[in-house]
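Data block below; observations after.
Values quoted throughout were computed directly from the atomic coordinates according to the rules given, and no laboratory measurement underlies them. Values in this document were obtained by computation on a predicted structure and should not be read as measured data. In this analysis, Cβ positions are derived from the backbone assuming ideal geometry, glycine residues included, and neighbour counts consider all displayed protein chains.
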Amino acid sequence: MKNQTNKNEEPAILITAHLEEPNMLQLLIERLAECHCDFGYNQKKMHPGWEAVETSSIETLVSGSIVLSDENDLVSIPFVTCFLFSCTKAKRGKYNLKWSCCLS
């Protein structure tokens, strides 16, 4: 069966982002969070069913590449940009990476 497309439709473009060493990046962020001054919020007594957590946010540079592709071409564009990472720590736990956001 022949693939029929509407002549008014634009061809689909696939966009993919690749981070360099994502596992190492996560470990680095969680270790940097440990340097955060602990105010002891995660030790506070809470209502039943609630849990207090410490938070730590770190801004750092991240490198990788953006890959754009369509039916005919493939383009890879390297990048280095700033990200904000947030980690949380429960009582007697370690900091865990929970959220990130590109700042550019």
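On the basis of the beta-carbon distance and an R0 of 25 Å, residue 53 and residue 27 show a calculated FRET efficiency of 0.80.
Candidates 17, 80, 57 compared by Cα position along the dipole of segment 16-100: farthest toward the positive end lies 57, with charges placed on Cβ.
The calculated FRET efficiency for residue 18 paired with residue 46, based on their beta-carbon distance and R0 = 41 Å, is about 0.50. Shown is the FRET efficiency for residue 63 and residue 88, computed with R0 = 25 Å from the Cβ-Cβ distance and rounded to the nearest 0.05: 0.50.
Taking 0.36 nm per residue of separation and subtracting the current Cα-Cα distance, fully stretching the chain between residue 101 and residue 76 would add 6.9 nm.
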